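Taken together, the values in this text are just the output of simple stated rules run on the coordinates, not laboratory data. Only a predicted model underlies this, so the values are computations on that prediction, with no experimental measurement involved. Glycine gets a Cβ as well: all are built from the backbone with ideal geometry, and neighbour counts include every protein chain shown.
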Amino acid sequence: MSGSQTAPNPRRWKALGLIAAAQFMAIMDSSIIGVALPEMQVDLGFSPENLSWVFNAYVVAFGGLLLLGGKLSDLLGAKRLFSAGWAILAVGSLVAGLAGEVWVELAGRGLQGVGAALIAPSALTLLMMLFGNNPKELGKAFALYGAAAPAGGTAGVFLGGVITEYLSWPWVFYINIPVAIAALIAIPRLMPDTPAQRGSVDWLGAATVTGGLGAVVYAVVRAPEAGWASAETLLVLAGGLALLGLFVAVQARRSEPLMRLGIFKAANLAGANVAQFLMAAAWVPMWFFLNLYLQQVLDLGAFASGAALLPMTVAIMIMMITVAPRLTAKFGPKPLVVSGLAVLAAGMLWLSFIRPGGSFWVDVLPASLVAATGMSLAFIPSLGTALSSARPEEGGLASGIVNTSYQVGSALGLAAMTALAASQGAGEMGNVSALTDGYSAAFLGAAGIALAGALIAIVTLRGSRGADAAAGAEQAASDAEPVRQGA
């Protein structure tokens with residue numbers, strides 16, 4: 001087996017630290033700007049309608065280009081693309097921090113998203129190369145990698161408040177630059193060499209899927225302002241869906257497609273990606289509206305609000321690192337994904353009972369810890385299943401697909417729950433009763449999404465015994481051996 005044929009990389013745990021840092025930074029960059037938005041609006045002249053695009057420009061570029069990033073990771077080598085992503089992220093952060101006009105700021109944020117779209121799939125490919133020959137270590141590596149995501153989200157809110165209060169908003173972008181430089185220095189020493197593969201890039205496929213995803217996200221984000229039945233919303237949405245349809249048609253005819261459609265015939269790959277999509281569509285709105293409830297209803301400051309989310313982050317990290325891997329090894333991924341999404345739904349249902357005169361200790365902490373437990377149980381098994389279901393030579397593509405599922409799910413889920421919250425009164429600033437009603441509706445809607453994810457996982461995921469899961473992981477490690485030996 002693999003363990004006897006290839007000695008483990010002696011620097012693999014240090015390399016994992018850098019891979020986890022990449023995940024941490026990618027998620028942090030989507031959350032750190034929240035507290036800084038009011039100052040950015042004043043300094044750069046954003047209109048209220050366009051201010052949300054400081055967030056969306058990053059998410060659309062990130063989510064729309066992940067498939068291309070995954071393909072390039074396979075063709076050019078994950079190590080090379082990992083370095084390129086950090087360099088682009090640093091340049092985008094510099095542009096965003098120095099911006100003096102709206103279009104420059106949005107360009108910088110988009111460039112940050114491009115860098116993240118190259119980093120994320122190559123990071124997962126490198127993780128599989130470093131730990132794929134040892135299923136037990138692979139589970140621990142996935143746990144540490146997965147815990148970096150919620151840590152990055154909470155750290156973004158916390159650091160955004162500290163930086164905005166004590167420095168100025170450009171520093172929420174400048175903070176990326178020294179981290180990126182340190183990563184670029186460490187990559188040659190820590191990361192395994194990854195051979196490039198022969199092939200060509202399907203640029204038409206990349207253009208259609210990026211344009212299609214971007215148009216769909218834009219339509220959903222704009223719909224609450226433009227109207228769900230408005231000509232603008234319907235035309236942009238129809239255009240986005242048409243581009244996605246064209247993407248599928250192009251992939252079916254290409255000899256070297258950006259995304260081989262047959263990849264979804266792999267057992268559990270489609271189901272695991274649906275689980276990641278719906279998990280993100282539920283989790284990200286919960287985190288977003290919980291932060292608003294803390295600040296706008298409970299009247300906590302930016303610093304205190306970030307600190308209030310720390311117990312949830314600590315719980316997630318402990319659960320992902322210590323509990324989830326053991327339960328997955330014992331019971332297999334399917335029971336963990338199903339039960340995790342169900343527990344996540346229960347936590348958000350509990351949060352929907354928030355009160356205008358509530359308190360952190362009664363209305364927030366218990367329910368948020370339940371939701372965090374659910375997220376912890378479902379995230380690692382669904383991510384690992386999505387990656388191990390693909391061919392070894394398509395590791396970058398599988399990484400791109402699962403990251404796309406999560407990012408697009410988060411963007412669409414947040415947009416839909418924002419519209420739901422607004423329809424129930426969340427737009428009435430200063431009216432704590434109306435705000436609470438709106439946020440409660442968003443939590444209830446997110447709970448419905450998570451519950452739908454649990455039900456779909458019951459139908460689409462196969463296998464439930466720990467022995468089956470261990471055998472599958474061992475087989476995936478064996479299949480990946482030629483790729484590691486080639487490195």
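The table that follows gives values for the structure above.
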quantity	calculated
Sorted by Cβ neighbour density within 10 Å, fewest at the top, the residues ILE380, ILE321	ILE321, ILE380
Radius 12 Å from Cβ of ARG355, net charge of other residues (Lys, Arg +1; Asp, Glu -1)	-2
Eligible lysines near LYS330 by straight Cα distance, threshold 23 Å, same-chain separation 8 or greater	LYS136, LYS140
13 Å reach of a label modelled at ASP43, 7 Å along Cα-to-Cβ, counting backbone N of the range 132-167	163-167
Phi-based couplings in Hz for the range 339-346 (Karplus 6.51, -1.76, 1.60; Gly and Pro marked x)	5, x, 5, 5, 5, 4, 4, 5
The range 202-257: relative contact order as a whole-number percent, Cα under 8 Å and 6+ apart	47
Separation in nanometres of the label points that stand 7 Å from Cα toward Cβ, at VAL459 and THR322	3.8
Virtual spin-label span in nm between ALA226 and LEU204, 7 Å along Cα→Cβ	2.7
Whole-Å distance, taken between Cα centres, linking the range 67-138 and the range 396-432	22
Cross-link partners of LYS265 among lysines (Cα-Cα below 22 Å; sequence separation of 8 or more within a chain)	LYS71, LYS334
Farthest toward positive dipole pole in the range 106-236 [+1 Lys/Arg, -1 Asp/Glu at C-beta], among VAL179, GLY110, VAL209	VAL179
Rounded to the nearest 20 debye, dipole of the chain from Cβ charges on Lys, Arg, Asp, Glu	1680
Rounded to whole Hz, the Karplus (6.51, -1.76, 1.60) HN-Hα couplings of the range 306-319, x for glycine and proline	x, 5, 5, 8, 5, x, 5, 5, 4, 4, 5, 4, 5, 5
Leading residue at positive end of dipole, the chain (Cβ point charges), from LEU75, ALA87, ILE401	LEU75
FRET efficiency, 1/(1 + (r/R0)^6) with R0 35 Å, evaluated for ALA434 and VAL314 via beta carbons	0.60
Projected label distance in nm at ARG189 and ARG11, using a 7 Å step from Cα toward the beta-carbon	0.7
Principal-axis tilt of helix 231-253 within the chain, Cα atoms, nearest 10 degrees	0
